[in-house]
Amino acid sequence: MANNKRNKKQSPLRQLLNPRKIAIPVVIGLGVAGYKLYTDVDFKAFENVDFNWESAMWLLMALLMVVFRDFGYMLRLRILSDKKISWRNVFDDIMLWEFSSAVTPSVVGGSGVAIFILNKEKLSVGKSTAVVMTTAFLDELFYVVMVPLLFVIVGTDVLFPPSIETVQFLGNELGIEQVFWIGYGFILILISAIAFGILINPVGLKRVLIRVFSMRFLRRWLRGAYQTGNDIIATSKELRSKPFSFWVKTFTTTALSWTSRYLTANFIMLAFTTFTFKDNLIILARQLVMWVIMLISPTPGGEGVAQLAFENFLEEYTPLGLAAALAIIWRLYTYYPYLFLGAIILPQWIQRVYLKRKLISFKKV
């Protein structure tokens, strides 16, 4: 009985259905937004903004970037699932995937829930694991490639805003540049290990993981290391036979999604001000630095931390007094839609996945 209760308690579905999962990020977001609106936003500054049809066009472009971001994810999932999931169901799955990320601390992520969702779409556990691990690999690969590319173009001297001197990282106070390069180095090591495991020697990587996590001070994570090793082996079986064109398609859809995600902020800012093409590239590059800071956020979906990061990193490219307001608008485009769409789609998805299956079983009887 105790085991059954524990399993129910840990069910990904029950976690998503928990109203607190939505309430916590909403309360944090409203609290931060209210505080910033009261203390930092100069509403008189809006009088200096020449809001016209061009401004409306940029806001529509920002909305289009949100659509492209989700379309890229949907297309990638269709390719990774070998088109076994219909377009209609792919939309639900991506919205629920984003919803799980929105209600989960950034340091945890929504991968476990994503595997659960795909498994309920009649993909095997091995296939579901392979899809989720591959998306993570492609996301990190895009980041690893884009960082040096943009940094070479704009130079590293403009990447780190002087307004942020130090941040707390693993209990230590470090400079923002130090935190970024530590984070980037970790991602580089992680993606190299995953690439080695998936494409070259999955069994060897599992053995290394088990050996490392068998050390006394890491032993508490040994079970997770076993599971990760098994996931890598399952993923390798699914992917090693894929042709080169498969990787070109999946990486292209990944690039579409992430580029659209970053350009959303650029277009929102262009609705209220103007800047040069090089400034656009600098804003893109600074968002790459922001992403590492948001990645270590303990709050659900990085809520609260994201607004503060936007304000501090991009303040010099926004009209005076409007950085906090634009940060809130940015989150209205990139975060809250997934929070509310997920809450709407989840009950319908449960009905489709569970009740339809029960009806089929009933008819067979």
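The values are calculated or read from the model by the stated rules, or taken from the named source; none is laboratory data. Treat the numbers as computed from the prediction; the structure is a model and nothing was measured. All Cβ positions, glycine included, derive from the backbone under ideal geometry; neighbour counts span all protein chains shown.
Just a few scattered comments:
- Filter result (surrounded by 14 or more Cβ atoms within 10 Å (Cβ to Cβ), more than 21 Å from residue 284 (Cα to Cα) and at pLDDT 85 or above) within segment 164-193: 190, 191, 193
- Qualifying residue in segment 286-306 (condition: assigned to a helix (DSSP H, G or I), among the aromatic types (Phe, Trp, Tyr), modelled with pLDDT of 90 or more and under 29 Å from residue 90 (Cα atoms)): no
- Selection status of residue 30, modelled with pLDDT under 70 and within 22 Å of the chain's Cα centre (by Cα): yes
- Unique match (being modelled with pLDDT under 90, hydrophobic (A, V, I, L, M, F, W, C) and within 30 Å of residue 273 (Cβ to Cβ)) among 108, 103, 49: 49
- Of the residues 161, 202, the single one that is surrounded by 12 or more Cβ atoms within 10 Å (Cβ to Cβ), under 24 Å from residue 305 (Cα atoms) and touching a helix residue (DSSP H, G or I) at 6+ places or on another chain (Cβ under 6 Å) is 161.
- Restricting attention to segment 226-282, the residues that are of a type in the set (Gly, Ala, Ser), part of a helix (DSSP H, G or I), over 22 Å from the mean Cα position of the chain (by Cα) and over 17 Å from residue 79 (Cα atoms) add up to 2.
- The residues of segment 111-124 that are touching a residue at least 24 places away in the same chain (Cβ under 8 Å) and surrounded by fewer than 18 Cβ atoms within 10 Å (Cβ to Cβ), listed by number, are 112, 122.
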